[in-house]
Amino acid sequence: MKLVIKNALIYDGSGNKPFKGTVACSDGLIKLCTPDDLTVPSDCVFDAEGSALAPGFIDVHSHSDVSILAAPEATGKVSQGITAEIIGNCGLSLYPVSDLNREHLQDLHRHYNVKITWTDLNGYLAELEKRSPAVDIIPLAGHNTLRASLCGYEKHELTASETAALRNSLAQCFKQGAIGFSTGLLYVPGKFATPKELTEFLKTVAEYGGIYTTHLRSEGNKICESLIETFDSALQASLRRVHISHLKISGAANRHKIDEVFSLLKEAENHGLEISADRYPYTESMTHLSVILPAPYDDMDDIKLEELLQNGDEFAKLRTALEKFSAERWRTVRLVSAHGYEEFCGLTFDAITKKSGLGPPELCARILRSGAAGALAAFRGMDENNMLRIMQKEFTVCGSDESARPPDYSIGRSHPRGFGSMPRFCNLLYQNGMPLEKAIRRMTSLPAQIFRLEKRGLIRTGFSADLVLFDPEKFKDAATFAEPHRITEGVRKVWRKGKVIFEKQ
């Protein structure tokens, strides 16, 4: 199939100024990019009418691992110009799978109605190929899943033989196509890992030339200590490429640490590390509701927590523990998705109380009892100025930290970032003084450079024909917590490998 796009204002992804020109594609590749007006058969010409043409955007922090199997059209992502997603983030890949973690993974993702039949990355990729996803899927190997495949989800310090076996399993992931290794040190069982354990895994990452992406052990009270732990482990393992997932500073009491964080990042670079980070352009984070729980519940995975709360006495104990939270705490927690509580999604817990008459502790405990695995919440605790400073750093790229979902809520409800991260990221940078061509580079060629994605991120001869046509004046996010699946405005058409994957209706 041949495609010629004429009269486009071309932002080629390099950060250079745009130019008006023509792009010709065939066999899924860009064959020509020129300021000249070509004479070609009219049946393969698309007139861009002066709209901006950029390389397809790359979502470096995606959680579409399961959702892309359930809804391969990936509407939330393609509608904002995304043509490639990196999955397996925060230690949460869908491989390797054994008898020790299969049931847990199946329960955790039960609302997607996807049967987990595979055991390794090859098996997952084969299942993915059957679904013909709209976007390219690029895998990381997740530490939590890797660890659980051998040791389950209980608190456990790895033995030397277990570490060796898991390093072999990680090596297999690299041989089967993983480009890196991710950790989620806030979650069970990753949170049980010692720095020594992480260093051993990072030795394998270094051997295969991969990148290490990490959801830090703490993004608030101990963020500086967490960064130091990360950099020390990487240096001891002779690993050079370290990427900080959704770099942020949580909690009002920690906002002043921004300069210390930047100093630590600079010091790591001075020690020879290649530092990068991603950021979603919102000040409310989102993860499992259960992360707010105090001890001993904080060491339980969601499936175990659900089972425990079926017991009336245990349910009462949790409710009592939650009653110790301040009223202010509940004003900063917003329910995003929970089966059976859809009418309250998008509201903060104090707002739900006014509507339902249920106190936040009772409501929270009920939601977790009925489905902790699918209960997601947003947490308000970030500073907008800090967010902008992080976004403006030369090593920061955009990551949605979300799953690809359809416009309806059939497989769950998204944070607004699932439908609006790219335009919001781009516009915030532009509104704060960055030229549009430089902002576009942060979503195209820079991510490709950081993650070593060949032939992506630029409009260049021989590169993949992944392209997004949009109107810069109208390009903006429309999603809100009340209506999180509203489609991005201003995107006219998106191509992946020369084929249309989204078109404005």
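The values are calculated or read from the model by the stated rules, or taken from the named source; none is laboratory data. Keep in mind the model is a prediction, meaning the values are calculated, not measured. Heads up, the Cβs are rebuilt from the backbone with ideal geometry, glycines too, and the neighbour counts pull from every protein chain shown.
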* Failed condition for residue 46, given (1) under 22 Å from residue 500 (Cβ atoms); (2) surrounded by 20 or more Cβ atoms within 10 Å (Cβ to Cβ), with all others met? -> (2)
* To do: Being buried (at least 16 other Cβ atoms within 10 Å of the Cβ), closer than 28 Å to residue 403 by Cβ and in contact with a helix residue (DSSP H, G or I) (Cβ under 6 Å, 6 or more places away or on another chain) is the filter here, so list the residues in region 315-340 that pass it.
  => 318, 322, 330, 333, 335, 338
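I'm trying to understand the selection: among the residues of region 213-225, which are of a type outside the set (A, V, I, L, M, F, W, C) and either within 20 Å of the chain's Cα centre (by Cα) or modelled with pLDDT under 95 (or both)?
Selection gives 213, 214, 215, 217, 218, 219, 220.
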* To do: Pull up region 248-264, narrow it to residues that are more than 14 Å from residue 221 (Cα to Cα) and not charged (D, E, K, R), then point me to the one that is farthest from the chain's Cα centre (by Cα).
  => 263
* To do: Give the residue that is nearest to residue 409 (Cα to Cα), with candidates limited to residues of region 480-505 that are over 21 Å from the mean Cα position of the chain (by Cα), crowded, with 16+ Cβ neighbours inside 10 Å and among the charged types (D, E, K, R).
  => 489
* Being outside the structural domain of residue 307 (by TED's automatic domain parsing), more than 29 Å from residue 466 (Cβ to Cβ) and free of Cβ contacts under 8 Å to residues at least 40 places away in the same chain, is that true of even one residue in region 77-97? -> no
* Asked: Given region 118-210, what helices (runs of 4 or more DSSP H) lie entirely inside it while holding 3 or more residues that are free of Cβ contacts under 8 Å to residues at least 40 places away in the same chain and in contact with a Ser or Thr (Cβ under 6 Å, 6 or more places away or on another chain)?
  -> 160-175, 195-207
* To do: Please enumerate the residues belonging to region 337-366 that are in contact (Cβ under 8 Å) with a residue 60 or more places away in the chain and assigned to a strand (DSSP E or B).
  => 337
* If residue 301 satisfies every condition in (1) at pLDDT below 95; (2) crowded, with 21+ Cβ neighbours inside 10 Å; (3) closer than 30 Å to residue 420 by Cβ but one, which is the exception? -> (3)
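Got a sec? Which helices (runs of 4 or more DSSP H) wholly within region 378-461 have at least 1 residues that are of a type in the set (Lys, Arg) and in contact (Cβ under 8 Å) with a residue 24 or more places away in the chain?
Those helices (runs of 4 or more DSSP H) span 384-392, 417-431, 436-441.
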* **Hits in region 254-286 - residues which are of a type in the set (A, V, I, L, M) and at pLDDT below 95** => 286
* Structure fact -> When restricted to 346, 374, the only residue on the phi > 0 side of the Ramachandran plot and crowded, with 18+ Cβ neighbours inside 10 Å is 346
